[in-house]
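Below is one structure, written out as structure tokens; comments come after it.
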Amino acid sequence: MKKKVALLISGIMVASALAGCSSNGQSGDVAGKTNNVGVADDMKEKLTITFMPESWSGGKWREDHPTIKYLNEKFNIDLKLMWTDGATYKDKLNVLAASGDLPDMYRLTTDNFVKWQNEGIFMDLAPHLSKYPNLAKAWPDDQWKMLNPQGKLYGMPTWGIEVRDSYQIRTDWISNVGLPMPKEETFNVDEFYQIMKAFALNDPDKNGKKDTVGFTTDQELGANTAQLRAAFGLANGWKMADGKLIPQYVQAKEQKEFLGYLHKMYEEGVLDKDFLSKKNNNVYELFQGGKSGIWTHHPLGLRTDTEKLKKIDPNAQLAQLAPPIGPTGLRGNPTDLVGNRKTVINGKIDLKKQQRILKMLDWWVTDEGTDIMKSGLEGVHYTKEADGTFKATPLIDTDLPRILNNWFFLRADPNLGNYRWTAPEVAKFDETFNKNNAKYPWKNASGGLEIYSETYAQKEKTLDTKFKETQLKIVIGEEPIDSIDKAIAAWKADGGDKMIQEINDAYAKLNGK
């Protein structure tokens, strides 16, 4: 009870402080006014600037970090980093908001960004981006606009690789079962099925035992299924249909085709019979142990998994596999929702300080800036060798120059994992892998609008669990395919229809419709 009361008081304090912030508008987007009007920063005055980044696994910079010194000298600032443990970050931010002492730049969870964006505490970047062309093009337009009110840009997208993972498959197994390597242009769900069947039944590891499985997933029908869902036309959460956002829960035809495909796998011994007892990690362990031949992973995962598999089987080989084509020509790799979390500049700070931050960020997202913020400083974090290559110094493991870029603020760059000292063949492999992924994005069309639906927050998990029970029963043959119609009707009646309405209302409001 004491904890609940404390949380309630904290919430009231935050709301009161934010309301107070919105009423004393030295700056900020309040009552139609905009920042920086008539103010020019000549960079002659040294300014103290505070950033509040999240810290994970204890990672943070020392106060005399060489990159901080570099930034201080380049932009005539005294940069103070308020490293905060990721698990307690949101709580600390709420406390700072309640005390009216928010940092100059910080990151927000989606819910706080939405709740606070009308309180006048965020700088509206929209009127000023033309002065910072590098920053303006640092992210795609849809990520800039995501969850911002129409005509406003209160937050900058927190970026991550949108299409990070794709199938990786045991090519030595494909050869062992006498099948050709699939051709990207024609590879479809029927060919995928035949490969998985051969992996289950035709002794792909050539040990004379029936100890491998074909297709593997988990009790949530999550692991390895994204590409199949995309192939059968299911939404990655939500999709736009006839001008309206709809969830995968109401796609009866697509659900039946997807579940029917998995049921056939189960009946014919292609799908792991023990999948109901497995969680995601168990499925990965099965793959790492050389008992299954397919997994969904990123390029670094492919390299490290190959090394592990070779300890079991020296002939083990992995390759990236394009997603299979479905009955209507659709295909896709799992795509994360990118841009819904925001990094914001404090709308109440000195006007010159806002400009100084923007100048720094405009440099940060250039090739030069990103290189320094990722790889650190030449002669300190890496050295140039006689042959023209680069070598990391021991400081790279203690200074961790990359973390402020990768954890706090970074441009849209799928090659963010490549550094000055990365071997050219590794950099090329990653670049090719990411380009292949980018061909087939399976996007969630909601753009994070679920945050605007109270029904979603209250009921989505419960409704999903009930719906999944029917899906699983269909896969293992306990219920007929058509039982999904009843599950859809129940989902809609128990709050799904209201959820759809609320999310579409939010979409219309944010897009001026």
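Look through L330, L300 and report the one residue that is part of a helix (DSSP H, G or I) and of a type outside the set (D, E, K, R). Can you show your working first?
On the way: L330 fails: part of a helix (DSSP H, G or I).
Exactly one residue qualifies, and that residue is L300.
Given the conditions (1) in a loop (DSSP other than H, G, I, E, B); (2) touching an Asp or Glu at 6+ places or on another chain (Cβ under 6 Å), and given that N134 satisfies all but one, which numbered condition is not satisfied?
N134 satisfies all of (1) in a loop (DSSP other than H, G, I, E, B); (2) touching an Asp or Glu at 6+ places or on another chain (Cβ under 6 Å) except (1).
Taking region 473-493 on its own, how many of its residues are among the small types (G, A, S) and either loosely packed, with under 13 Cβ neighbours inside 10 Å or under 22 Å from D272 (Cβ atoms) (or both)? Break it down into steps so the answer makes sense when it comes.
Initially, region 473-493 is screened for residues among the small types (G, A, S), giving 477, 483, 487, 489-490, 493.
The next check asks that each one be either loosely packed, with under 13 Cβ neighbours inside 10 Å or under 22 Å from D272 (Cβ atoms) (or both); those that pass are 477, 493.
Going through region 473-493 one residue at a time, the tally reaches 2.
Return yes when I396 is in contact with a helix residue (DSSP H, G or I) (Cβ under 7 Å, 6 or more places away or on another chain) and either of a type in the set (A, V, I, L, M) or open to solvent by 70 Å² or more (accessible area, probe 1.4 Å) (or both) and no when it is not.
Numbers: in contact with a helix residue (DSSP H, G or I) (Cβ under 7 Å, 6 or more places away or on another chain): no; either of a type in the set (A, V, I, L, M) or open to solvent by 70 Å² or more (accessible area, probe 1.4 Å) (or both): yes.
Here the answer is no, as I396 does not meet what is asked.
Of these, G233, G289, G260, G222, which one is at pLDDT 95 or above and over 22 Å from W491 (Cβ atoms)?
Working: G233 fails: over 22 Å from W491 (Cβ atoms); G260 fails: over 22 Å from W491 (Cβ atoms); G222 fails: over 22 Å from W491 (Cβ atoms).
Checking each option against the conditions leaves just G289.
Go through region 494-513 and count every residue that is farther than 25 Å from K152 by Cα and open to solvent by 50 Å² or more (accessible area, probe 1.4 Å).
3
Exactly one of (1) touching a strand residue (DSSP E or B) at 6+ places or on another chain (Cβ under 6 Å); (2) free of Cβ contacts under 8 Å to residues at least 24 places away in the same chain is unmet by N236. Its number?
Of everything listed in (1) touching a strand residue (DSSP E or B) at 6+ places or on another chain (Cβ under 6 Å); (2) free of Cβ contacts under 8 Å to residues at least 24 places away in the same chain, N236 misses just condition (2).
Yes or no: G100 of a type outside the set (K, R), more than 25 Å from K359 (Cα to Cα), open to solvent by less than 20 Å² (accessible area, probe 1.4 Å) and assigned to a loop (DSSP other than H, G, I, E, B)? Step through it out loud before you land on a result.
Numbers: of a type outside the set (K, R): yes; more than 25 Å from K359 (Cα to Cα): yes; open to solvent by less than 20 Å² (accessible area, probe 1.4 Å): no; assigned to a loop (DSSP other than H, G, I, E, B): yes.
No, not satisfied.
In the list K443, K391, K461, K439, which residue meets the criterion of being under 30 Å from D505 (Cα atoms) and either surrounded by fewer than 20 Cβ atoms within 10 Å (Cβ to Cβ) or touching a helix residue (DSSP H, G or I) at 6+ places or on another chain (Cβ under 6 Å) (or both)? Quick ask: steps written out before the conclusion?
Working: K443 fails: either surrounded by fewer than 20 Cβ atoms within 10 Å (Cβ to Cβ) or touching a helix residue (DSSP H, G or I) at 6+ places or on another chain (Cβ under 6 Å) (or both); K391 fails: under 30 Å from D505 (Cα atoms); K439 fails: under 30 Å from D505 (Cα atoms).
Criteria check complete, one pass: K461.
Part of a helix (DSSP H, G or I), open to solvent by less than 30 Å² (accessible area, probe 1.4 Å) and within 22 Å of G293 (Cβ to Cβ) - does that describe any residue in region 203-224? Before you say what the answer is, go through the steps one by one.
Step one: list which residues in region 203-224 are part of a helix (DSSP H, G or I), which gives none.
Checking region 203-224: not a single residue is part of a helix (DSSP H, G or I), open to solvent by less than 30 Å² (accessible area, probe 1.4 Å) and within 22 Å of G293 (Cβ to Cβ).
The values are calculated or read from the model by the stated rules, or taken from the named source; none is laboratory data. Predicted, not measured: the structure shown is a model, and the values here were computed from it. Every residue, glycine as well, gets a Cβ built from its backbone with ideal geometry; the counts of neighbours run over all protein chains shown. Surface areas here come from the heavy atoms of the whole protein model, side chains and all, with no ligands, DNA or RNA. Shrake-Rupley method; radii C 1.70, N 1.55, O 1.52, S 1.80 Å.
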